[in-house]
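Quick notes on the structure that follows.
The values are calculated or read from the model by the stated rules, or taken from the named source; none is laboratory data. No experiment lies behind these values; they were computed from the predicted model shown. Quick reminder, even Gly has a Cβ in these numbers, built from the backbone with ideal geometry, and neighbours come from all protein chains shown. We work out accessible area using only protein heavy atoms, side chains counted, and drop any ligands, DNA or RNA first. Shrake-Rupley method; radii C 1.70, N 1.55, O 1.52, S 1.80 Å.
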Amino acid sequence: MEKRQSNGIGFMAGKWPLTAATSTLVFIHGSGGSAQFWTAQVQGLVAKANTLAIDLPGHGDSQGDGHNTVEGYTAAIIEFLDHLDPPGPIPCGLSLGGAIAQQLLLDQPDRFGAGILIGTGARLKVLPAIFEAIRDDFEGFVGMITGFAASEKTAPAVIRRFQNELARCSPEVVNADFQACNQFDVMARLRDIRVPVLVVSADEDKLTPPKYADYLESVIPQTARAHIADAGHIAPLEKPRAVNQAIMDFLDSHRL
């Protein structure tokens, strides 16, 4: 695995240089996260496809400020892809990253051959209490959101990893991320996604419950569904083997 930067965007690659004529999984983290969230996927799927995990602007090793709209982050990723030009890109996003992946599929329909949506929805309204906690007690917010993000069965070390990563992000950027989620709504456009999409949900996801994935599955014309047991909102961290297997099965079924 290698850490690199392109056009101001930090990213991790499972191998470098990328293999031509091979699909490239482009992993997009959630609010307050970074590319490190996807380490198990970048490493575990490298034999199947090119793997890249990016730091959104204002996160991790990326330059610039965070954005308070999904469209702002989408534009940054498009610039990154224009500069790097990875073969056969497939956006794979969690939560806010899943919103960005949907926006990419809608705004650049000819660019992507497929998409992967994990723990996300077509609309992502945020409770006002979240913004109040970020503003008034960021440390308390980190503890609170971490408590909602994982299954009770998840190992404490995994939860601490997520918590520590979130704590490293600035409150201003985290607030902007949740503002982007709060404004996101593509319910009216969802049927326009015409490429195959894998929708992944988890048993104990309290932040984007399985009903969000049910809606995505029912409206997007071409979907496959994977449901992860004994996991919460951060399923790729909690159950990396199960998530990786679901992605491999999806790629195989569509010869990607």
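Quick look at the values:
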{"read-out": "In nm, spacing of pseudo-spin labels at A47 and D249 (7 Å Cα→C-beta vector)", "value": "1.9 nm"}
{"read-out": "Reach of K48 by Cα under 15 Å, taken over aspartates and glutamates that are not fewer than 8 positions away in the same chain", "value": "D249, D252"}
{"read-out": "Computed accessible area, T39, all protein chains, 1.4 angstrom probe, square angstrom", "value": "20 Å²"}
{"read-out": "(i) 49, 37, 36; (ii) 58, 45, 36; (iii) 65, 42, 34, with the label sought being that of the calculated Cα extents along the principal axes in Å", "value": "(i)"}
{"read-out": "Residue-normalised accessible area of the chain, expressed per residue, 1.4 Å probe, Å²", "value": "42 Å²"}
{"read-out": "Coil-residue trypsin sites (Lys or Arg not before Pro) of the range 87-137, DSSP, other Cβ within 10 Å capped at 16", "value": "R111, K125"}
{"read-out": "Surface share of carbon and sulfur [accessible, 1.4 angstrom probe, percent] for the range 111-256", "value": "51 percent"}
{"read-out": "Three-way shape call for the range 136-202 based on the alpha-carbon gyration tensor, with the a/c threshold at 1.5", "value": "oblate"}
{"read-out": "Reachable lysines from K239, criterion Cα separation under 17 angstrom, eight or more residues apart if same chain", "value": "K153, K206"}
{"read-out": "Counting all C-alpha pairs of the range 115-229, share separated by more than 19 Å (%)", "value": "53 percent"}
{"read-out": "Pairs of Cα atoms farther than 21 Å apart, the range 74-150, %", "value": "42 percent"}
{"read-out": "Using a Förster distance of 30 Å, the FRET efficiency for F131-Q63 (Cβ separation, nearest 0.05)", "value": "0.70"}
